[in-house]
1. Can you pull out every residue in segment B:2-37 that is assigned to a loop (DSSP other than H, G, I, E, B), surrounded by fewer than 23 Cβ atoms within 10 Å (Cβ to Cβ) and within 14 Å of chain A (Cβ to nearest Cβ)?
2. Checking B:E50 against (1) modelled with pLDDT of 95 or more; (2) closer than 18 Å to B:V26 by Cα, only one condition comes out false. Which one?
3. I'm checking my understanding of the structure. Among residues of segment B:189-222 that are charged (D, E, K, R) and either assigned to a strand (DSSP E or B) or farther than 18 Å from B:I168 by Cα (or both), which one is farthest from the other protein chains (Cβ to nearest Cβ)?
4. Listed residues B:L71, B:L65; which is in a loop (DSSP other than H, G, I, E, B) and more than 24 Å from A:L44 (Cα to Cα)?
5. Just one of (1) under 15 Å from B:R11 (Cα atoms); (2) surrounded by 15 or more Cβ atoms within 10 Å (Cβ to Cβ); (3) more than 11 Å from chain B (Cβ to nearest Cβ); (4) of a type outside the set (S, T, N, Q) trips up A:I8, so point out which.
6. Of the residues B:F127, B:F149, B:F165, which is surrounded by 16 or more Cβ atoms within 10 Å (Cβ to Cβ), free of Cβ contacts under 8 Å to residues at least 60 places away in the same chain and either under 30 Å from B:K27 (Cα atoms) or touching a helix residue (DSSP H, G or I) at 6+ places or on another chain (Cβ under 7 Å) (or both)?
7. Looking only at strands (runs of 3 or more DSSP E) that fall completely inside segment B:399-515, which ones have 2 or more residues that are over 23 Å from B:K580 (Cβ atoms) and not small (G, A, S)?
8. How many residues, within segment B:532-566, are in contact with a helix residue (DSSP H, G or I) (Cβ under 6 Å, 6 or more places away or on another chain) and outside any loop (DSSP other than H, G, I, E, B)?
Amino acid sequence: MEEKVKKIMSDVFLVDINEINNYTSPDNLPQWDSIGHLNLITSLEEEFNIKFNDDQIIQMLNFKLVIEIIKESLHQ
Amino acid sequence: MKEMKFSELIRANSELGKALIGKDAVKITVFANISVNQLKPILEYALRNETLNVTVEITDYDNILQESAGLDKNTIPVVFWELCNLSENFVYEVETFSDSSFSQFIEKTQNELSLLFDHLKTSGLVFFNRFSHSYYTRYNLKPGNYERFVDSLNDFLQKKAPENFLLIDLHKVFSSRSLDICFDIRNYYSTKTLYTIDFFKAYCSFIVPAILSTFSKTKKALILDCDNTLWKGIVGEDGWENIALSEKNKDGIFFKQVHFILKSLAKRGIILGICSKNNPQDVEEVFRKRPDMVLKYDDFVIKVLNWNDKASNLEAISKKLNIGIDSIVFVDDSLFEIKLVNDHLPMIKTLQVPEKIYEYPGLLLDHLSLFYTNTTTEEDLQRARMYMEESQRNELKSTYRNIDDYLASLDIEVVLANKEPEVIERVTQLTQKTNQFNLTTKRYLPGDVQNMYGSGDFDVFNLTVGDKYGSSGLTGICIVNYQSGYAEIDTFLLSCRILGRNIENCFLREVVMSIHKKGFRDIHASYKKTLKNAQVENFYDRNGFTLIYHDDSERKYQTDCQHFLSTISPINYIKTVWKKR
């Protein structure tokens, strides 16, 4: 799953997949702005066939957290 | 685009954008009072994929009037003005309005719309979405205030919008998917997003033809195959009286509906053409002798009836009509022909006649936007006539192309057998039915075939063709009659649906090898002319046989097995397998 998420992030933010690591976040990736965040959410929901709730959307503030929240959603 | 994941689309759009760097870009500016940022990559991709280089700019959220003032008139504006967001809770609040506040809001919005009309009236083409209330009112039996509000402003749009405004009926977009797929109001109050990716994709498919048309990038010509495309049946085999193209024959009605669609396209100036592997006389006969046919021969501006591959013919058609190869749409029932054209001329849009024939008219209706034009000018209407005159002046020059690479990619396999008991009926039927690729056109009855099976003087070879897309079934027969000192090819025939793949040459070579193995050296063969089999007149000449006699009705040949096998090389991309008995 981590690889899938990395691929999606690299596509959505138009960066090389190797640039994505656990600490990739809006603070160190300029493309991860509010529009980028919306695109990321949409793409993840499409890929994993899940719907995030408001709180989850706000909490996804770096790669590691994104993975945790997807796992949480998949378990619900 | 519909099946593409959003993240893949963002990436693909970026790649297309890089490829188009340096080319002049068309600018599209989106004005919206909701958040529509996801429209940008989707609309860019949809247009760049049609080789139109565009940049889409999404202007500041909910600032339509200020942003549209002084807009560069060379850009194309797209406006999302959502009445549900006129104020924070408008959809709900409006139901509590008094008549006077209702009227006040109408008037205020009309004034704002008038201002926008004024800002955008000099643009070439403006996309403005008609207002819709359906997401909020779909279960309302009686119109409430919101519905009346929306309807009233739609009336205003209809009456007052400048001529350059193309009013987009969002209900058509919604109904192509569904309201629930198009809307996602989860984040409406937090981020002001209303629409889903699926909606934006459907919306773009809907408006793209109008943008392409502005840049003359819509399709201009519709070229069709004949058999099982303009009518049901094979005219060369079934005869003009038995093909179905009107209510007179079963399933003909669907072809008649197709003809009406084609006729209406021709009326709008779309060029109709025929590209078919057929004898010209057979096709002309259909038009001449079937008064129940809606289309007339002259409705088709160009007719290419020969046995060349269709990619070459379509290329020749584009040259002859002097239109871009990318402005052609091609319709055929055969997956082989469709794939061949897709492979060689990917810029041609192809449509395959559906197997469920009642879906055929609908398929064409769904693709009419390929031929979209913003206006139909007098010149458009004259165009078909102009092309017709032009094409009468020039003689069609065929351009042959090397299609071997394509054929090699198909993994063609030919399975051969001799005197297979299970197929006597099919063998008989093929000798009865096959008219076009049939060298001697000898008709046999099951008893005749049975006798040959039992006789040592005959071989009855049959052939089945398959490729990676499937099998064509038993589609070729060769009967060899062994005389003292030589072998006579009594019958050699192939169903026309497998032609164009060099199967005939491969089949002949296998037959010659088999004769050779039997210890025979000399082969006799002949061509007997009929009204239908002109295409094989020179078949044996092409295969190096020596012509020893000919008159108006017959050509007789001889060859020597060893000479044949050493001069005619095998078709290396066709795999041949002999069934063991």
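1. So in segment B:2-37, the residues assigned to a loop (DSSP other than H, G, I, E, B) come out as B:2-5, B:20-25, B:33-34, B:36-37.
Next cut, surrounded by fewer than 23 Cβ atoms within 10 Å (Cβ to Cβ) only: B:2-5, B:20-25, B:33-34, B:37.
Hits for segment B:2-37 are B:K2, B:E3, B:M4, B:K5, B:I34, B:N37.
2. The single condition B:E50 does not satisfy is (1).
3. Within segment B:189-222, the first condition is being charged (D, E, K, R), and the residues that meet it are B:192, B:198, B:201, B:217, B:219-220.
Filter once more, so that each one left must be either assigned to a strand (DSSP E or B) or farther than 18 Å from B:I168 by Cα (or both): B:192, B:217, B:219-220.
Working: B:K192: 11, B:K217: 27, B:K219: 31, B:K220: 36 Å.
Top of the filtered list is B:K220.
4. Values: B:L65 fails: in a loop (DSSP other than H, G, I, E, B).
On inspection, the qualifying residue turns out to be B:L71.
5. Going through the list (1) under 15 Å from B:R11 (Cα atoms); (2) surrounded by 15 or more Cβ atoms within 10 Å (Cβ to Cβ); (3) more than 11 Å from chain B (Cβ to nearest Cβ); (4) of a type outside the set (S, T, N, Q), A:I8 breaks only (3).
6. Numbers: B:F127 fails: free of Cβ contacts under 8 Å to residues at least 60 places away in the same chain; B:F149 fails: free of Cβ contacts under 8 Å to residues at least 60 places away in the same chain.
None of the other options fit; the residue is B:F165.
7. Values: elements: B:412-418, B:458-467, B:470-482, B:486-494.
Fully inside segment B:399-515 and qualifying: B:486-494.
8. The total comes to 3.
The values are calculated or read from the model by the stated rules, or taken from the named source; none is laboratory data. This one's a predicted model, so the numbers in the text were calculated from it and none came from an experiment. Neighbour counts are summed over all protein chains in view; Cβ atoms, including those assigned to glycine, are modelled from backbone coordinates with ideal geometry.
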